[in-house]
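Working notes, beginning with the structure itself.
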Amino acid sequence: MSALNQSAIQEIRIALIGKGGMGTADTQTALSVEGVKLVAVCDLYDTRLEQARKQWGEHLFITKDYHEILKREDVDAVIIATPDHWHQPISIEAMKAGKHVYCEKPVIHKIKEGKALIDAQQTSGVYFQPGSQGMASLGNRKARQLVQTGIIGKINFIDGQFTGAPGELGRYPIPEDASEETIWWKRFLGKAPWHTFDPQRFFYWRNWKDYGTGIAGDLYVHVLASLHFITGAIGPEKVYTTGGIRYYTDGYRDTPDVMLGYFDYPDRNNLGAFTVQLGANYVDGISRKWGSMDFRIVGSKGTIDIGWDKVTLKMLRSIDVRELEALEKIGQGIDTPVQTSENEITFQADNNYRGGHYDHFYNFFSGIRNKSPLTADVMFAVRSAAPALLSYMSYERGEVIYWDPENLKETKKK
């Protein structure tokens, strides 16, 4: 990552659309990048707008209507952190309005939405980046370098698992002031099926397929984006997923709490054809796995365990540290191999490393300032979102789905 030309730093004025937990965290990270200023915030819940001014300043323009944000000439870029079913339509409107877009993942709610999103970016020429922060991390960049050298041989398997402890059954906590007077319910629904006002759906929208994409779109997409970046893959040819609602049978979700997905990738870059296994269990408080920050790539000669700030290489044979020291430098400590045994090496980022979230926003703003290509552009975004959505579709249908990743469409069994 090249340093910005300090004399050429231009102020980039941003607006946030969707001040939930992720939108708030995204904005905090964006503001930690030099030369970024927040000028406006949109949310459908009054209390969040009040919190925005308390958190970021009384100068903020606040609104419940995102169209008011897109009309503003003092907004250069928007962060879209709404429920999934609003990602694509707001992104398209923002790009048509000439705003650069940082959109949380997955950038589409339905497979059919991908083409219009790609067309809008290509027509407008603005920058578009998905919120798959892990792929920008030092760990992912080191893993990409190691995989591309062929040190672990041909890849055959990638494994990522997500676990979380079970919570209490019954209604989830809702703010006391949540009502149809404080929440714009009709706008929240958008083109989703009509439903009477239900704050459970508003505050816990990820549990519902009408607004979210289940475990696959919420979690799997992180590993999929990372492995696409690391291997240069563009998508699987075959997807199969199973699972179900095993614990949270209280009626406050219609998406699985246990899910297992399998993705067969072809050999695209002479790195090997491989199967990806992604699993999630929201009723497992023991395993403590979080795949986006801890997944494994298995090759014929060794394995790579990948975190955002640490990479562990394990080989069948003894490792020549000099071979690793000769690789091109990435920086911030991740290039220094530490031999923990004859067959194992770790790479660890410096203690002051700011993390993948910062790196991802830095790349986005650097691209805008320097007019340089983004690694995670709109095509990358759709191609990493598609397998996640296919995974949920496979679960719903109870069948294997065959996919043409080049042309982004379903196909028949070969």
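The values are calculated or read from the model by the stated rules, or taken from the named source; none is laboratory data. Since the structure is predicted, the reported quantities are computational estimates derived from the model, not experimental observations. A quick note on method: Cβ atoms are made from the backbone with ideal geometry, for glycine too, and the neighbour counts reach across all protein chains shown. Side chains included, ligands, DNA and RNA excluded: accessible areas come from the protein's heavy atoms. Shrake-Rupley method; radii C 1.70, N 1.55, O 1.52, S 1.80 Å.
Brief remarks on what is shown
- Among 21-34, 52-65, the order from most to least packed when residues are scored by Cβ within 10 Å on average: 21-34, 52-65
- Mean-position separation - Cα centroids, region 245-302 and region 47-98, in angstrom: 33 Å
- Of the labelled figures [x] 64, 48, 37; [y] 66, 57, 40; [z] 66, 63, 41, only one reflects Cα extents along the principal axes in Å as derived from the coordinates, namely [y].
- Considering only 403, 348, 178, the residue lying farthest towards the positive end of the dipole of the chain is 403, judged by Cα position with unit charges set on Cβ.
- Overall, the ratio between the Cα radius of gyration of region 159-311 and 2.2 N^0.38 Å, rounded to two decimals, is 1.24.
- Theoretical FRET efficiency, 1/(1+(r/R0)^6), r = Cβ-Cβ of residue 354 and residue 328, R0 22 Å, to 0.05: 0.55
- Accessible surface computed residue by residue for region 238-290, with neighbouring protein chains in place and a 1.4 Å probe, gives 48 Å² per residue.
- Share of pairwise Cα-Cα distances greater than 24 Å in region 73-220 is 50 percent (whole percent).
- A helix-only calculation puts the chain at -8500 deg cm²/dmol for mean residue ellipticity at 222 nm, using -39500 (n - 2.57) for each DSSP H run of at least four residues, averaged over all residues.
- Basic side chains Lys and Arg get +1 at the Cβ, acidic Asp and Glu get -1 at the Cβ, and with that the dipole of region 358-414 about its Cα centre reaches some 140 debye.
- Solvent-accessible surface of region 330-379, averaged per residue with a 1.4 angstrom probe and all protein chains in place: 47 square angstrom.
- Label point 7 Å beyond Cα of residue 414 along Cβ direction - residues of region 263-281 with amide nitrogen under 12 Å: 264-268, 273-274
- With every protein chain in place, region 290-361: carbon and sulfur % of accessible area (1.4 Å): 47 percent
- Charge context of residue 348, other residues only, Cβ under 11 angstrom, K/R +1, D/E -1: -1
- Counted charge near residue 47, where neighbours are those whose Cβ lies closer than 13 Å (Asp, Glu -1; Lys, Arg +1): -1
- Measuring against 23 Å, Cα to Cα, the residue pairs 105/289; 112/209; 105/301 contain 105/301 as the ones spanning a longer distance.
- Label separation (residue 344 vs residue 122): 4.8 nm, computed from points 7 Å beyond Cα along the C-beta direction.
- To put it simply, the accessible area of region 99-198 at a 1.4 Å probe is 53 percent carbon and sulfur.
- Alpha-carbon centroids, region 174-193 and region 217-239: separation in whole Å: 33 Å
- A simple spin-label model places pseudo-atoms 7 Å from Cα toward Cβ; at residue 181 and residue 51 they are separated by 2.1 nm.
- Over region 1-112, the reciprocal of the mean inverse Cα-Cα separation, the Kirkwood hydrodynamic radius, stands at 14.4 Å.
- Computed from point charges on the beta carbon alone (+1 for Lys and Arg, -1 for Asp and Glu), the dipole magnitude for the chain about its Cα centre is near 840 Debye.
- For region 316-394, the square roots of the Cα gyration tensor eigenvalues, ordered a ≥ b ≥ c, give a/c of at least 1.5 with a/b no greater than b/c, which places it in the oblate category.
- Antiparallel content of DSSP bridges confined to the chain, in %, to 5: 60 percent
- The length gained on full extension between residue 407 and residue 370, counted as 0.36 nm times the residue separation minus their Cα-Cα distance, comes to 10.3 nm.
- For region 123-191, applying the loop criterion from DSSP together with a ceiling of 15 other beta carbons within 10 Å to the trypsin sites (Lys or Arg not before Pro) yields 154, 171, 191.
- Restricting region 244-347 to GluC sites (Glu not before Pro) in coil, as DSSP defines it, with at most 10 other Cβ within 10 Å: 328, 342
- Note on the chain: dipole from Cβ charges, positive end direction compared against 197, 70, 166; the farthest Cα belongs to 70.
- Averaged over its residues, region 75-202 has an accessible area of 40 Å² per residue, based on protein heavy atoms and a 1.4 Å probe.
- Mean sequence separation of contacting Cα pairs (under 8 Å, at least six apart), scaled by the length of the chain, corresponds to a relative contact order of 20 percent.
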